[in-house]
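A.B. asks: Handing you this structure, nothing more for now.
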Amino acid sequence: MGHDLHGAGRSSFDLIDAELLFSGLALRPGSTFLDLGCGRGNYAIAAAELIGEAGHVYAVDAWEEGIEQLKSALKDRGIRHVSPILADIGQRLPLEDHSIDVCFAATVFHDLVRENVHHQALLEVKRTLKKDGSLAVVEFKKFAGRPGPAIEVKLSPGELAAILAPHGFFSRASTEIGPHNYLTIFGLL
């Protein structure tokens, strides 16, 4: 996300209903999961527990401190099927083409749009997703006040879908996952 890391260190994980989120993601054992803008890795660790050691999680963030904290947490828990990657998600990622079942972005997409790097990030999502893969986006509902960014930065489900549509993504499902957040699952045309 460039040199200006909006929201670095803050996680939406404690704001959402994890059961609703992971039910909506429908992760299966053996899945390959890419967490874009993973921060300290709360979502990545939870996904790793669901997909098991037959699967793999790639956790990407440009925030070095968060990646280091994730590495420490993985070591403490003995989790070896998560690969923390220090990288800018607006640039080419060190991942194989068509290797990801679920690409996940939790409360980072509004920053990608604000920084005008969402086009490159979406190219990487398209490049890395399997043909039947999904892009799962968690964002803040569009309301004034906290938590989350200012209302003019927040993206409604309709605004998010309109931004992704020119890149070949279509909304499969959208659901509330807490009082402040929603999850939209996108497929590729």
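Taken together, the values in this text are just the output of simple stated rules run on the coordinates, not laboratory data. From a predicted model like this one, the values you see are computed outputs, not experimental measurements. Cβ atoms come from the backbone with ideal geometry, glycine included; neighbour counts cover every protein chain shown.
A.B. asks: Only bridges with both residues in region 13-188 count here: give the DSSP antiparallel percent, nearest 5. Write down the numbers at each step before the final one.
C.D. replies: Details: 13 of 33 bridges.
Bridges in region 13-188 that DSSP calls antiparallel: roughly 40 percent.
A.B. asks: When every alpha-carbon pair in region 95-189 is counted, what percent end up more than 20 Å apart?
C.D. replies: Values: 1403 of 4465 pairs.
Here the tail beyond 20 Å accounts for 31 percent of pairs.
A.B. asks: Also, quick follow-up: Ranking request for peptides 105-115, 74-84: highest mean number of other beta-carbon atoms within 10 Å first, then the rest in descending order.
C.D. replies: 105-115, 74-84
A.B. asks: Residue-wise, which Karplus ³J(HN,Hα) couplings in Hz belong to region 169-185, taking 6.51 cos²θ - 1.76 cosθ + 1.60, θ = phi - 60°, and x for glycine or proline?
C.D. replies: So the J values, rounded to whole Hz, are 9, 10, 6, 8, 6, 9, 8, 6, 10, x, x, 10, 10, 9, 10, 10, 9.
A.B. asks: Apply the Karplus curve 6.51 cos²θ - 1.76 cosθ + 1.60, θ = phi - 60°, to the phi angles in region 42-52 and return the couplings in whole Hz, x for Gly and Pro.
C.D. replies: 4, 5, 4, 5, 4, 5, 4, 5, 6, 7, x
A.B. asks: Residue 154: which lysines have alpha carbons under 21 Å from its alpha carbon, excluding same-chain residues fewer than 8 sequence positions away?
C.D. replies: Straight-line reach from residue 154, under 21 Å: 141, 142.
A.B. asks: Any idea what the alpha-carbon Rg over 2.2 N^0.38 Å comes to for region 13-188? Each step should come with its number before you reach the end.
C.D. replies: Values: Rg = 15.0 Å, N = 176, 2.2 N^0.38 = 15.7 Å.
The value comes to 0.95.
A.B. asks: On to the next question. Tell me, how many Å apart are the Cα centres for region 126-170 and for region 35-78?
C.D. replies: Comparing the Cα centres of region 126-170 and region 35-78, I get a distance of 22 Å.
A.B. asks: Using the Cα gyration tensor of region 111-151, with a ≥ b ≥ c the square roots of its eigenvalues, what is the shape: rounded (a/c below 1.5), prolate (a/b larger than b/c) or oblate (neither)? Before the final figure, lay out the partial values.
C.D. replies: Details: a/c = 4.99, a/b = 1.93, b/c = 2.59.
In terms of gyration-tensor shape, oblate.
A.B. asks: Straight-line reach only, C-alpha to C-alpha below 20 angstrom: list the aspartates and glutamates that residue 131 could link to, leaving out same-chain residues fewer than 8 apart.
C.D. replies: Partners found: 35, 96, 97, 101.
A.B. asks: What does the extension gain come out to for residue 92 and residue 175, with contour length at 0.36 nm per residue minus their alpha carbon separation? Could the numbers behind the result be given before it?
C.D. replies: Details: separation 83, 0.36 × 83 = 29.88 nm, distance 3.00 nm.
So the chain would gain 26.9 nm between residue 92 and residue 175.
A.B. asks: Now for a different question. Under a cut-off of 16 Å between alpha-carbon atoms, report the aspartates and glutamates in cross-link reach of residue 75, not counting same-chain residues fewer than 8 places apart.
C.D. replies: List returned: 49, 53, 65.
A.B. asks: Let me ask another. Could you rank the peptides 153-162, 31-40 by their average count of other C-beta atoms within 10 Å per residue, with the highest value first?
C.D. replies: Values: 153-162: 16.4, 31-40: 26.1.
The most tightly packed comes first, giving 31-40, 153-162.
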